[in-house]
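Student: This structure is in structure tokens; I'll ask about it shortly.
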Amino acid sequence: MKKLFTPKVNGYLVANAVGFAIIGISKYLSGPGSSGVLIYSEFIIVPFLVGIISAWFWRDDEIGSMVLVSRCVANCFVAIVLSALFLREGAICLIIVSPLLWTFIVAGCFTGRAMFRRNNNTLNASVLAMLLVLFVIDSTSVHHYENMVADRVVINAPVSRVWKNVVAYKRNASPDKYWLFKVGMPSPVESTTEGYYVGAKRKCIFSNGYVFDEKIVVYEENKNLTFDITGQPRDPEIMGHIDILRGQFLLRDNGDNTTTVIGNSWYRLYVFPVWYYDIWAKSVTRNVHLRVMEHIKQISEAQ
């Protein structure tokens with residue numbers, strides 16, 4: 001048993017166990033109103049602290065920087081496995097979060113190595129106290145973020161022809177181009193509607209059978225189709241951490257038998273920090289736009 005739980009192993013197991021315990025505390029401090037929100041601390045302060053704890057267990061090991069970095073890679077892998085088992089996170093989410101976790105585990109590990117080499121208890125206590133203060137402030141703060149993404153495409157077809165395919169389009173059988181779609185994230189393949197009027201229900205169907213329920217709120221023929229999202233799937237993948245609030249297609253007659261289609265989407269994020277996760281949210285939303293609008297372009301021009 002003693003050989004099994006060596007300082008090297010404890011640098012992985014104990015550090016991550018403490019990290020997951022802290023995540024549980026953050027959920028308690030955040031209160032019931034923040035259910036489903038993943039805050040800054042879980043992706044910055046916790047992995048940073050995991051790195052510091054690991055460095056404490058490895059403080060007597062004579063290892064170089066590259067070995068320490070490789071251990072941080074292993075530590076990140078342990079954190080990802082535990083997240084999949086206990087937090088029920090999906091593969092796409094884990095792919096997205098991995099660079100952030102690894103970066104702050106590495107930062108914490110090198111910070112910890114510097115702290116314990118100096119053996120300055122005052123400095124060590126100050127660093128840990130600062131992390132505690134940041135953790136409490138973050139856990140008790142309100143987290144809310146919404147954004148909008150816009151994309152456009154020019155279609156070599158008159159606006160009247162394009163409009164019909166914007167409101168509803170037949171199944172898209174073309175292969176996915178976006179790399180996250182290729183590794184398993186569902187992509188939009190079909191849109192249906194019960195009518196061509198304000199209040200009509202639409203459905204956006206994804207490749208794995210997911211359905212986004214929509215309601216048309218603005219219907220200006222050949223100009224503006226705006227719809228609210230009234231229902232969307234919940235799963236361990238990225239759709240569990242983002243809500244699509246509203247979608248819109250604006251059509252512009254270019255006067256030369258071509259049409260400019262502008263696709264807009266409004267969304268709300270439930271994962272922080274925004275400076276990291278909004279990059280992914282924009283990328284995913286933009287590639288959903290492009291897949292839909294390129295399909296509309298293809299079938300409109302073929303007609």
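The values are calculated or read from the model by the stated rules, or taken from the named source; none is laboratory data. Only a predicted model underlies this, so the values are computations on that prediction, with no experimental measurement involved. Heads up, the Cβs are rebuilt from the backbone with ideal geometry, glycines too, and the neighbour counts pull from every protein chain shown. Ligands, DNA and RNA are excluded from the accessible area calculation, which covers all protein heavy atoms including side chains. Shrake-Rupley method; radii C 1.70, N 1.55, O 1.52, S 1.80 Å.
Student: For segment 250-273, enumerate the residues that are open to solvent by 10 Å² or more (accessible area, probe 1.4 Å), within 19 Å of MET293 (Cβ to Cβ) and not charged (D, E, K, R).
Tutor: LEU250, ASN254, ASN257, THR258, THR260, ILE262, ASN264, SER265, TRP266
Student: Please determine whether any residue of segment 76-96 is touching a residue at least 60 places away in the same chain (Cβ under 8 Å) and over 24 Å from ASP235 (Cα atoms).
Tutor: Checked segment 76-96: no residue is touching a residue at least 60 places away in the same chain (Cβ under 8 Å) and over 24 Å from ASP235 (Cα atoms).
Student: A follow-up question, please. Among the residues of segment 141-178, count how many are surrounded by fewer than 15 Cβ atoms within 10 Å (Cβ to Cβ), within 19 Å of the chain's Cα centre (by Cα) and among the hydroxyl-bearing types (Ser, Thr, Tyr).
Tutor: Number of matching residues: 0.
Student: Just wondering, is there one or more residues in segment 29-47 that are more than 27 Å from ALA91 (Cα to Cα) and charged (D, E, K, R)? Give the derivation first.
Tutor: So in segment 29-47, the residues more than 27 Å from ALA91 (Cα to Cα) come out as 29, 31.
Still in the running and charged (D, E, K, R): none.
Checked segment 29-47: no residue is more than 27 Å from ALA91 (Cα to Cα) and charged (D, E, K, R).
Student: Now, a different point. Kindly evaluate VAL292 against the criterion of being in a helix (DSSP H, G or I), open to solvent by less than 30 Å² (accessible area, probe 1.4 Å) and touching a helix residue (DSSP H, G or I) at 6+ places or on another chain (Cβ under 8 Å).
Tutor: Against the criterion (in a helix (DSSP H, G or I), open to solvent by less than 30 Å² (accessible area, probe 1.4 Å) and touching a helix residue (DSSP H, G or I) at 6+ places or on another chain (Cβ under 8 Å)), VAL292 does not qualify.
Student: Run down ARG59, ARG88 and say which single residue is of a type in the set (D, E, K, R) and under 27 Å from ALA281 (Cα atoms).
Tutor: Details: ARG59 fails: under 27 Å from ALA281 (Cα atoms).
The unique qualifying residue is ARG88.
Student: For segment 114-140, name all the residues that are open to solvent by less than 80 Å² (accessible area, probe 1.4 Å) and either at positive phi or touching a Phe, Trp or Tyr at 6+ places or on another chain (Cβ under 8 Å) (or both).
Tutor: PHE116, ASN124, LEU131, ASP138
Student: Same structure again: Right, TRP280: aromatic (Phe, Trp, Tyr), within 27 Å of SER139 (Cβ to Cβ), free of Cβ contacts under 8 Å to residues at least 60 places away in the same chain and open to solvent by 10 Å² or more (accessible area, probe 1.4 Å) or not?
Tutor: no
Student: If I filter segment 258-277 for residues that are assigned to a helix (DSSP H, G or I), more than 24 Å from VAL159 (Cβ to Cβ), in contact (Cβ under 8 Å) with a residue 40 or more places away in the chain and hydrophobic (A, V, I, L, M, F, W, C), do I get at least one hit? Can you show your working first?
Tutor: Quick first cut of segment 258-277, residues assigned to a helix (DSSP H, G or I) only: 274-277.
Within this subset, residues satisfying the condition of being more than 24 Å from VAL159 (Cβ to Cβ) are 274-277.
Add one more test, that the residue is in contact (Cβ under 8 Å) with a residue 40 or more places away in the chain, and what stays is 274, 276-277.
If we keep only those that are hydrophobic (A, V, I, L, M, F, W, C) too, we end up with 274.
Yes: segment 258-277 contains one or more residues that are assigned to a helix (DSSP H, G or I), more than 24 Å from VAL159 (Cβ to Cβ), in contact (Cβ under 8 Å) with a residue 40 or more places away in the chain and hydrophobic (A, V, I, L, M, F, W, C).
Student: Restricting to segment 192-211, give me the number of residues that are within 24 Å of the chain's Cα centre (by Cα) and not charged (D, E, K, R).
Tutor: 8
Student: Working only within segment 35-52, note down all residues that are assigned to a helix (DSSP H, G or I) and open to solvent by 30 Å² or more (accessible area, probe 1.4 Å).
Tutor: Result: TYR40, PHE48, LEU49.
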